[in-house]
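Read through the structure below, which is laid out as structure tokens, and then see the notes.
The values are calculated or read from the model by the stated rules, or taken from the named source; none is laboratory data. Quantities reported herein were computed from a predicted structural model and do not represent experimental measurements. Here the Cβ positions follow ideal geometry from the backbone for every residue, glycine too, while neighbour counts run over all protein chains shown.
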Amino acid sequence: MKKIECISVFDMLKIGVGPSSSHTLGPWRAGQRWIAELKKKDTFNLVEEIKIDLYGSLSLTGKGHATDIASILGLCGYDPVTMDLDQIEPLIQSIKEEKKLKFNREFEVSFNPETQVIFNRKFLDFHPNGIKFSAKLNNGKKTSSYFFSIGGGFVVKKERKNAKRKIENFEQFPFPIEKATELLAYCHQEGKKISEIVLENEKSLRTEEEITKGLKDIWQVMLESMYTGCHTEGILPGGLQVQRRGYNMHQRLIGDVAYNNPQEWLEGIRKTEVKFRQILKWVSCYALSVNEVNASLGRVVTAPTNGSAGTVPAVLMYYMTIENHEANFEHVKQFLLVAGEIGSLFKKGATISAAMGGCQAEIGVSSAMAAGALAELMGGTPEQVLMASEIAMEHHLGLTCDPIAGLVQVPCIERNTMGAIKAISAAEIALETDATKAKVPLDKVIETMWDTAKDMNSKYKETSEGGLAVKVSLSDC
């Protein structure tokens, strides 16, 4: 039987901490996995000193993406979904001063971040985002393990030991899907929408109650990140002196009205008459706000990555506050199911890692996810949903990743607004088209994206060695 990776909606939409899914969330998770490895081998309690080696893109943009901090937090035993983010700064400062780390919050080991986090410019063969954890044991022996952060918070070993588990999950799916054509065939065969096919697959992994709760949690974090960004002013960290714009834009849109929590805020906006010329401002405000939260080590949802976390929630909020004021959680659920499935098609057929494919793999994929999901909510056929995704990606092909100073601020934050606006436009175009006569199938765009990724010069793949990253420096700011 042909083996295809099983990817759940909850693999594509993960709750995590910014600024990057591949450079922050991934290394954080890698630290947790290394601890599990050591415990399985009964060597965890023998550790007395730790070293972290970062390779390739994790090294070149690691400082700006807080890769060193995330790796340390993983080794400290904290979880990115539940950790009190106000603890991060004092905890890291304490580790730097005391030169000790409480390993998995169980016992202290010697650790000096200045000398025991090594930034290696070397690229490892398997993937540009490599990380190695090493330890000296109290019996005189040493141990080490390599991990690779492949985008969207996914972490693998070189031998991909997790593949068997995912294949087994895939075999549980009533509707196994690798390509968009297969997804479309199931829709026709079963007389179902894309979201309904995806829901049936998810129900083979967990109960519908668990699915609903998980999606509610995801939506809540999306909503909170938009709300937080809209209500936080000041300068983003990192040295570029980037002014938060979500706050001022939001203030100009709502005037003197004040809200006490995210849900009250959402309902308040829905009761407001949005003028035509304000629509783009609201969409931009939503997207900017999420990614300003992301850039400041805030909690967001990978969609499919942290760097592109603002596009999907911005388009969903557009639907709820502008297109359909009566929308409820069932609409949110439908949107997220479609978005997650579109993202999984890109992960299977190409990549969602900017270190592998440039920003087309992040903003391009997020725009395609949002476009398809919006098209279904607005009554589109499965063909129109896939066409909307195709149009969105088609107009992101070749988009490079060249973050200034290795930070997810310029041009990354603004790109989320562009991705959201393109997604809305793509959905509108698809809904006005006979998509059964599409000239460019989604599968062909995914293949083209992967070909483009392989052809792209490595300096435009999240290394800060080309483009805006070398034209504009910290000193210019």
Testing PRO411 on (1) over 21 Å from the mean Cα position of the chain (by Cα); (2) surrounded by fewer than 24 Cβ atoms within 10 Å (Cβ to Cβ); (3) under 30 Å from GLU323 (Cβ atoms), one condition comes back false. Which one is that? (1)
Quick check on VAL290: is it closer than 20 Å to PRO237 by Cα and assigned to a helix (DSSP H, G or I)? yes
Given the condition touching a Ser or Thr at 6+ places or on another chain (Cβ under 9 Å), under 26 Å from GLY466 (Cα atoms) and surrounded by fewer than 22 Cβ atoms within 10 Å (Cβ to Cβ), answer yes or no: does some residue in the range 297-316 qualify? yes
Can you spot a residue in the range 332-345 that is of a type outside the set (Phe, Trp, Tyr), out of contact with any Lys or Arg (no Cβ under 9 Å at 6 or more places or on another chain) and surrounded by fewer than 24 Cβ atoms within 10 Å (Cβ to Cβ)? no
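To keep it simple, each residue is scored yes or no on (1) at negative phi; (2) in contact with a strand residue (DSSP E or B) (Cβ under 9 Å, 6 or more places away or on another chain); (3) modelled with pLDDT under 95.
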| site | (1), (2), (3) |
| --- | --- |
| LEU345 | yes, no, no |
| MET356 | yes, yes, no |
| GLU362 | yes, yes, no |
| GLY380 | yes, no, no |
| VAL385 | yes, no, no |
| LEU407 | yes, no, yes |
| THR417 | yes, no, no |
Out of the range 64-112, which residues are surrounded by fewer than 18 Cβ atoms within 10 Å (Cβ to Cβ) and part of a loop (DSSP other than H, G, I, E, B)? GLY77, ASP79, VAL81, THR82, MET83, ASP84, LYS99, ARG105, GLU106, ASN112
Restricting attention to the range 401-414, which residues are assigned to a loop (DSSP other than H, G, I, E, B) and of a type outside the set (S, T, N, Q)? ASP402, PRO403, LEU407, VAL408, VAL410, PRO411
So which residues in the range 322-333 are in a helix (DSSP H, G or I) and farther than 14 Å from ILE424 by Cα? PHE329, GLU330, HIS331, VAL332, LYS333
Has the range 86-103 got at least one residue that is over 25 Å from THR43 (Cβ atoms), out of contact with any His (no Cβ under 9 Å at 6 or more places or on another chain) and of a type in the set (Gly, Ala, Ser)? yes
Cβ pairs under 7 Å, 6+ apart, first in the range 374-396 and in the same structural domain as GLN334 (by TED's automatic domain parsing) and over 14 Å from THR436 (Cα atoms), second surrounded by fewer than 24 Cβ atoms within 10 Å (Cβ to Cβ) and among the aliphatic types (A, V, I, L, M): ALA375/LEU431; MET378/LEU431; ILE391/ILE429; GLU394/VAL440
Can you name every one of the helices (runs of 4 or more DSSP H) wholly within the range 193-267 that holds 2 or more residues which are touching a strand residue (DSSP E or B) at 6+ places or on another chain (Cβ under 6 Å)? 208-230
Report the residue count in the range 448-468 for those that are farther than 17 Å from GLY62 by Cα and part of a helix (DSSP H, G or I). 9
Are any of the residues in the range 58-65 of a type in the set (Ser, Thr, Tyr), more than 24 Å from ALA295 (Cβ to Cβ), outside the structural domain of SER344 (by TED's automatic domain parsing) and in contact with a strand residue (DSSP E or B) (Cβ under 9 Å, 6 or more places away or on another chain)? no
